[in-house]
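First comes the structure, then the notes that go with it.
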Amino acid sequence: MTGSEAVDAERGSEHSPLRLNRVVGCTLVRGLASRLPFPPPRRLKTLSSGYASFDYEPHGEQPADVVPLGLHVNKRPVGALTRIVRSSKATDFGRAMVQTLKEEMDRTVHDIVIQATVGSRVVARETVRAVRKNVLAKCYGGDISRKKKLLEKQKAGKKRASLHVGDVAIPHEAFVKVLAPSSRKKKR
C-alpha cells in the first residue's frame with residue numbers, strides 16, 4: 001500500500017505534493033479530524049519504514065452526511081450505545097453492534113429483541129432466544145393429550161410472567177465490546 005492509497009482509505013484528499021529534493025518530499029492532505037488519532041500516523045510510519053513524520057492543523061468545519069445510530073433492547077432505547085456514524089456505513093455499524101451485543105447477552109426466560117435504528121427505520125435486528133425448559137422429559141410414550149397439556153401449562157406460565165418482565169440487564173462487558181473500535185474492525 002502506498003501513501004496515496006492510505007490517504008484514500010482514510011477518506012482524505014491529497015493537495016499540492018511537493019518534492020524538496022530526490023529524497024525528501026512533502027504532501028498536504030485534507031482529511032477528517034475523527035480519523036486523526038488512530039490509523040494515519042501509525043500507517044504512515046509503517047509505509048515509510050519509520051522515516052516519515054506527521055503534523056496537522058485544523059482547517060475549519062465542513063458539513064458531513066452523518067446520522068444517529070441508536071440501539072434498542074426490547075423496544076427500549078439504550079442511550080449509552082447511541083453513536084453518530086456516516087449514513088453510508090450505518091447499516092454495517094448497526095449489524096456489527098447488534099451481533100456483538102447478541103453474543104455478549106445471556107439467555108433469559110424470554111426472548112430479547114435487539115435492534116439498531118436510524119431514526120424510526122430499523123437497519124439491523126437480532127433476537128436472543130429464550131431458554132426453554134424441557135417439560136416433556138418425564139413423558140415417555142403414552143397419550144399425546146398429556147404432552148399438549150404440559151406445553152399449554154408452560155405457555156400460560158410464560159404469558160403470566162411476561163407481564164412482569166421489566167428491564168433487561170445489559171452486562172458491562174457487553175457495553176465495552178460494543179463500543180470498542182477493535183471489535184468493529186473484526187466485523188467489517
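Just so you know, all these numbers are worked out from the coordinates, no wet-lab data involved. The shown structure was predicted, so the numbers you read here are calculated from the model rather than taken from an experiment. Neighbour counts run over all protein chains shown; Cβ positions are idealised from the backbone, glycine included.
Some notes on this structure:
- Distant-in-sequence amide H partners of LEU69 (H built 1.01 Å from N, under 5 Å): ARG83, ILE84, VAL85
- Mean separation of Cα contacts under 8 Å (6+ apart) over length of segment 71-157, as relative contact order %: 26
- When the trypsin sites (Lys or Arg not before Pro) in segment 47-92 are filtered for DSSP coil states and for at most 14 other beta-carbon atoms within 10 Å of their beta-carbon, the remaining sites are LYS75.
- Ordering ASP65, ASP92, ASP106 from the fewest to the most neighbouring beta carbons within 10 Å gives ASP65, ASP106, ASP92.
- Loop sites in segment 50-156: GluC sites (Glu not before Pro), DSSP, at most 14 other Cβ within 10 Å: GLU61
- For HIS110, nonlocal amide neighbours, meaning residues 5 or more places apart or on other chains whose placed amide H falls under 5 Å from its own, are VAL131.
- Links that overshoot a 32 Å alpha carbon limit, given the list LYS148/LYS177; LYS89/LYS158; LYS75/LYS138; LYS75/LYS147; LYS133/LYS177; LYS75/LYS155: LYS148/LYS177; LYS89/LYS158; LYS75/LYS138; LYS75/LYS147
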